[in-house]
Structure formats: structure tokens, C-alpha cells
Amino acid sequence: MSPPELLSEHRCHGGSQRFYRHASQEIGLPMRFSVYLPPQALAGTVCPAILYLAGLTCTEETFMIKAGAQAVAAREGLILIAPDTSPRGANLPGDSDAWDFGVGAGFYLDATQQPWSRHYRMHSYLVDELIPLLKVTLPLDARRIGIMGHSMGGHGALVLALRHPSLFASVSAFAPIAAPMQSPWGRKAFTGYLGADENSWRDYDATALMQAQTEAPYPHGILIDQGLADQFLAEQLHPALFAAACSGVQQVLNLRQHAGYDHGYYFITSFIEDHLMHHKNQLV
């Protein structure tokens, strides 16, 4: 496992904001990711880490530039990690034709359909490659890793947490696509990446995964924030379906709904401190 290439580094709140590239075996292409190391990590302290998954059209830069998370991470001693949202440079037919499928829209799954199955393997990339790489290259505590995300990334965070509870000790989401089998975005992505058999979709639907649990996987609670002025709420997101699934297995869910807030990063920056503290309090 070769170390990643450091592309740039910026001093930030006493810590270091870094951007990396590495050759991914899972994806078969170069992949980029960003890392914020708080001052504690730079001083040699092993720190808890939070993996943030961004939404449609975003890159590894979006969260680090827009969310305003570094000040809280510096204060609390949290490492922040943000991967890209899809492979880039595969140049597959039609991969740049739509903003909600293909480039920038990997949906954090492992595609099974051609031509996507060779490169669109974001689920395995994160679990089997990126996190193991970071465990040996960053001063992070492998027992204290949380996961969070926004929109498509909120979907990814919930799915990865439910499928890998031994890897992720805490989970939260902003405006997640919480029941993608009931969402036009999700159905389009799943049909293209996974095929027409809807039974195979259930492995990447947080509501279906929660319904299949026999006990609460995160007894200390899951946090979701949702803006009530979100233009995608009614058609695409369906947090109430996920809440009902949580209730069915007695999973504690703090679903906070906020009047006047939309789907964008002004919403995220308003509540990012709450999410980082949610993780900090569970990553003990």
C-alpha cells in the first residue's frame, strides 16, 4: 500500500488542511480526498476521525471549503476526512450526461452493471481501501471513526454505518436520501448501477437496512437534521420513512426539522457544530 501524494497543504485554525491523490486499486483510477488534521494530531496525539460523504455534483473539496467545520475540529481534536463522490477520468459513455448519475454521483455503492462495474465501486473503495490506507498514514484511532454526510452522502453515511457498525462508531446525516428505493434519484441510480432487480437495491437503502435489523445498531443514537424549506424533501428524501424504520427496532433517532432551511451548505454550516459534537461525544 503506497502512501498518498500530498497535492497541497494549508494552515487552518492551528491545524493543517490537506488535499491528497492516490492510485486506487478498487476504482482502477486515481482518486482524491481531503483531510483536516487538528493541532492535536500535528503534535502527535492519536485522534478520533470523522468521514464525511458529500452529495451530488460535489468533490473532495466541497465540505472543507463550505461547511466551516475546521474551527470546531481544531477545538475538539477531530480529524476530518472527505473523499470524492465518484470516480473521475473513466470516460464511460454517458457518464457526464446528467448531474445525478455518473461523474459526481457515485451513490457510494458497488455497481454490478456494465460499463459501471469496473470503476464505480465507491462502497468497497471506502471500506476496503481508503480507510485502511488512512489508518496507516494518519494519527487516527481506528476504534474511534464516525461517519456523516449530506444528501447523497447522507444516504451513503447511513448505509455504510448500518452495514459496517464495527467500523463506524457513530453516524449522522444532513438531509439524507433516506429511502432511495422510493426516490427518483435513488431509482435512477440503482437501475443504472445495479440493474432492474429491486431485491439487490435493498443493500443500499438505509430504510430497508434498518427494517432488517433485529436490534438497534447504534444505541447511543443517530442524528439527522432536515430543513423544512428543502426543495427536495417531499419527493427525494423521505426522512419519515427512515424514522418509522428506526422506531420499529427501537433505534434512537434524533430527527431535527428546521423551518426556513433549504438543502444547501448554509444549512450545513448552521448545524455542523452539533454534528461534530454528536460524534465527539460517542467517539470516547
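The values are calculated or read from the model by the stated rules, or taken from the named source; none is laboratory data. No experiment lies behind these values; they were computed from the predicted model shown. When we count neighbours, we look across all protein chains shown, and the Cβ atoms used for this are built from the backbone with ideal geometry, even at glycine. Surface areas here come from the heavy atoms of the whole protein model, side chains and all, with no ligands, DNA or RNA. Shrake-Rupley method; radii C 1.70, N 1.55, O 1.52, S 1.80 Å.
Among the residues of segment 59-79, are any out of contact with any strand residue (DSSP E or B) (no Cβ under 7 Å at 6 or more places or on another chain) and over 27 Å from N281 (Cβ atoms)? Yes, some residue in segment 59-79 is out of contact with any strand residue (DSSP E or B) (no Cβ under 7 Å at 6 or more places or on another chain) and over 27 Å from N281 (Cβ atoms).
Residues that are of a type in the set (S, T, N, Q), open to solvent by 10 Å² or more (accessible area, probe 1.4 Å) and touching a strand residue (DSSP E or B) at 6+ places or on another chain (Cβ under 7 Å): does segment 43-58 have at least one? There is no residue in segment 43-58 that is of a type in the set (S, T, N, Q), open to solvent by 10 Å² or more (accessible area, probe 1.4 Å) and touching a strand residue (DSSP E or B) at 6+ places or on another chain (Cβ under 7 Å). Taken over segment 190-206, the residue count meeting the criterion of being under 18 Å from L162 (Cα atoms) and touching a residue at least 24 places away in the same chain (Cβ under 8 Å) is 5.
Residues of segment 236-284 that are in a loop (DSSP other than H, G, I, E, B), surrounded by fewer than 20 Cβ atoms within 10 Å (Cβ to Cβ) and polar (S, T, N, Q): Q250 alone. Can you work out which of the residues in segment 151-167 that are of a type outside the set (S, T, N, Q) and surrounded by fewer than 24 Cβ atoms within 10 Å (Cβ to Cβ) is nearest to L233 (Cα to Cα)? Taking the candidates together, the pick is L162.
With respect to (1) under 24 Å from V72 (Cβ atoms); (2) in contact (Cβ under 8 Å) with a residue 60 or more places away in the chain; (3) not β-branched (V, I, T), the lone exception for A173 is condition (2).
The residues in segment 116-131 that are assigned to a helix (DSSP H, G or I) and within 25 Å of F232 (Cβ to Cβ) can be counted, and the count is 4. Of the residues in segment 84-107, at least one is assigned to a strand (DSSP E or B), on the phi > 0 side of the Ramachandran plot and under 18 Å from the mean Cα position of the chain (by Cα).
I'm checking my understanding of the structure. Among residues of segment 208-218 that are outside any helix (DSSP H, G or I) and touching a residue at least 12 places away in the same chain (Cβ under 8 Å), which one is least open to solvent (accessible area, probe 1.4 Å)? Ranking the qualifying residues of segment 208-218, first place goes to Y218. Of all residues in segment 168-184, those satisfying the criterion of being open to solvent by 10 Å² or more (accessible area, probe 1.4 Å) and in a helix (DSSP H, G or I) are M181, Q182, P184.
Each residue in segment 132-156 was checked for being in contact (Cβ under 8 Å) with a residue 12 or more places away in the chain and either within 18 Å of Y36 (Cα to Cα) or in a strand (DSSP E or B) (or both), and 17 pass. Scanning segment 2-16 for residues that are on the phi < 0 side of the Ramachandran plot and surrounded by 14 or more Cβ atoms within 10 Å (Cβ to Cβ) yields P4, C12, G15, S16.
Which of the residues that make up segment 106-138 are touching a Leu at 6+ places or on another chain (Cβ under 9 Å) and either at pLDDT below 95 or open to solvent by 40 Å² or more (accessible area, probe 1.4 Å) (or both)? T112, Q113, P115, R118, R121, listed by residue number. Residues satisfying the criterion are absent from segment 68-75 (criterion: surrounded by fewer than 19 Cβ atoms within 10 Å (Cβ to Cβ), without any contact (Cβ under 8 Å) to a residue 40 or more places away in the chain, among the small types (G, A, S) and not in a helix (DSSP H, G or I)).
In segment 4-30, the residues that are more than 18 Å from I131 (Cβ to Cβ) and outside any strand (DSSP E or B) form Cβ pairs under 7 Å with partners that are of a type in the set (A, V, I, L, M, F, W, C) and modelled with pLDDT of 95 or more, at six or more places apart or across chains, as follows: H13/A71; H13/A74; G14/A74; L29/A90.
Provide a single number: the residues in segment 79-105 that are hydrophobic (A, V, I, L, M, F, W, C) and modelled with pLDDT under 95. Matching residues across segment 79-105 total 0. Would it be correct to say that D205 is of a type in the set (D, E, K, R), open to solvent by less than 30 Å² (accessible area, probe 1.4 Å), modelled with pLDDT of 95 or more and within 30 Å of L92 (Cα to Cα)? The answer is yes for D205.
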